[in-house]
Amino acid sequence: MVAERHPHRLRPGAPAGTASVTVLDDDTPSLRVFLDPATIEEGGVVTGRVERNWITAAPLAVTLSASASGQVNLHVVVIGANQASAAFTLTTIQDTLPEKDDTLTITAEAGGFAGGRHRSFSPITRTCRR
């Protein structure tokens, strides 16, 4: 019995210990978005990666969107066949308008996959300095 060899054996009447664990469902095809720097200047470039948890024999076209229009150049990212992820770059729009700093949410979407999520499964945000 393992408890007998452990220096802190359970004694009769001792309270039981408990622990919890979160099990993330991987039965649903989903996407995650990662961006490198947390802050970029207006007109700057950020490198990112989109990942899928279900790798398939077919390429997957992923559409990127932003929470505010006209702030970044967006495009479709293709995750190759039998690949888990693809890299991409986003360029923020340079203008001469005086504006406050803004936080954007970048989302990845593809048919049959749940929308882009970060580790915490909430959309990832990055700040664009003006």
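Couple of notes before you dig in:
- Under 5 Å, built H, 5+ apart or other chain: amide partners of E42: R129
- Distant-in-sequence amide H partners of A114 (H built 1.01 Å from N, under 5 Å): S30, L31
- Peptide ranges 95-107, 58-70 listed from the most packed, as the mean C-beta count within 10 angstrom indicates: 58-70, 95-107
Read the figures in this text as sums done on the coordinates, not as results from a lab. Remember, it's a predicted structure, so these values are computed and weren't measured experimentally. All Cβ positions, glycine included, derive from the backbone under ideal geometry; neighbour counts span all protein chains shown.
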